[in-house]
Amino acid sequence: MTEQSWKAFSVEISDHVAEVTLIGPGKGNAMGPDFWSECPQLFTQLDADPEVRAIVLAASGKHFTYGLDLAAMGGEFAPLMADKALAGPRTTFHDTIKRMQLATGAVADCRKPVVVAVQGWCIGGGLDLISAADIRYACADAKFSVREVKVAIVADMGSLARLPAIIGDGHVRELALTGKDIDAARAEKIGLVNDVFDDADAVLAAARATAAEIAANPPLVVQGVKTVLDHSRSAAVDDSLRYVAAWNAAFLASNDLTEAITAVFEKRPAKFTGS
């Protein structure tokens, strides 16, 4: 892997395991422009690095991620929200969604298994990210939310495409339609996470141990196992991602979206009108 300075990540490689850590720069490791541009590059490099056989994905601070950084990414919505936005801005927004989908797609498509350690909040885009991983661990204080519905957005970065195979259709619908928060115990019960540990140190240690165990196996066979497991669902995931990108480019712009974003910045409940 080439030496490179990342703004949203730190990377350390030892004994065939790469440890990738979310480091912001937004509060709570919120996913801003740096995350969306760097994640595809980083995981493509790790995929191609013969020294890497497994990956630990962790986060700095008290929380895994607050999800999409609305303040930093608000400009991406501006052309779509313009009065009478026609084909041009809608096409541009569609391209933006497809480009951002490459971030979680790079994690899912990486041939090196990815083990995630989650502490604190894992919201919105965080669910998109961990649903693209192979194995998920959480500490007892972890909380999860498919939060997009609360800000008048159809989740379009992968959670609606990948979570049904992980937790089942009914649980996905409950989380995505309500936007509710669930704790680590509920996440383990529905199969979102494999195991729950007492604290952040313990969950990271568990992720490292599993990654090391994977890295000790024949690397090409490990890649083969992951490829075969992914094969049966990859076409359905790709189709879902294409569909939601087109749907949001066509229908996301609304008074409710403006109200939702405004309410977030004004720290008040949103009042939706269905318009």
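The values are calculated or read from the model by the stated rules, or taken from the named source; none is laboratory data. This one's a predicted model, so the numbers in the text were calculated from it and none came from an experiment. Note that each Cβ is placed from the backbone with ideal geometry, even for glycine, and that neighbours are counted across all protein chains shown. Side chains are part of the model used for accessible areas, which takes the heavy atoms of the whole protein and leaves out ligands, DNA and RNA. Shrake-Rupley method; radii C 1.70, N 1.55, O 1.52, S 1.80 Å.
Any idea which of Ile167, Ile135, Ile182, Ile123 is among the β-branched types (Val, Ile, Thr), over 18 Å from Thr65 (Cα atoms) and either at pLDDT 95 or above or touching a Cys at 6+ places or on another chain (Cβ under 9 Å) (or both)?
Residue meeting the stated conditions: Ile167.
Name the residues in segment 96-126 that are outside any loop (DSSP other than H, G, I, E, B), over 27 Å from Val52 (Cβ atoms), in contact with an Asp or Glu (Cβ under 8 Å, 6 or more places away or on another chain) and not polar (S, T, N, Q), would you?
Ile97, the sole residue that qualifies.
Looking at the structure I just gave you, is Ala211 crowded, with 23+ Cβ neighbours inside 10 Å and more than 17 Å from the chain's Cα centre (by Cα)?
Considered against the rule, which asks whether it is crowded, with 23+ Cβ neighbours inside 10 Å and more than 17 Å from the chain's Cα centre (by Cα), Ala211 comes out as yes.
Has segment 52-59 got any residue that is farther than 19 Å from Glu12 by Cα and open to solvent by 10 Å² or more (accessible area, probe 1.4 Å)?
Within segment 52-59 (the criterion being farther than 19 Å from Glu12 by Cα and open to solvent by 10 Å² or more (accessible area, probe 1.4 Å)), the answer is no, since none of the residues qualifies.
Restricting to segment 145-196, name every residue that is within 15 Å of the chain's Cα centre (by Cα) and open to solvent by 60 Å² or more (accessible area, probe 1.4 Å).
Arg147, Leu160
Could you look through segment 194-251, keep only residues that are among the basic types (Lys, Arg) and modelled with pLDDT of 95 or more, and pick out the one that is farthest from Arg53 (Cα to Cα)?
The qualifying residue farthest from Arg53 (Cα to Cα) is Arg242.
Can you name the residue in segment 64-95 that is open to solvent by 30 Å² or more (accessible area, probe 1.4 Å), assigned to a loop (DSSP other than H, G, I, E, B) and in contact with a Lys or Arg (Cβ under 9 Å, 6 or more places away or on another chain) and is also modelled with the lowest pLDDT among such residues?
Asp69
This table checks each residue for (1) in contact with a helix residue (DSSP H, G or I) (Cβ under 9 Å, 6 or more places away or on another chain); (2) over 17 Å from Gly158 (Cβ atoms); (3) β-branched (Val, Ile, Thr).
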site: Pro33; (1), (2), (3): yes, yes, no
site: Gln45; (1), (2), (3): no, yes, no
site: Val52; (1), (2), (3): yes, yes, yes
site: Ser60; (1), (2), (3): yes, yes, no
site: Thr65; (1), (2), (3): yes, no, yes
site: Gly74; (1), (2), (3): yes, yes, no
site: Leu80; (1), (2), (3): yes, yes, no
site: Leu86; (1), (2), (3): no, yes, no
site: Lys98; (1), (2), (3): yes, no, no
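Looking at Ala30, Ala54, which one is farther than 22 Å from Ile97 by Cα and in contact (Cβ under 8 Å) with a residue 12 or more places away in the chain?
On inspection, the qualifying residue turns out to be Ala54.
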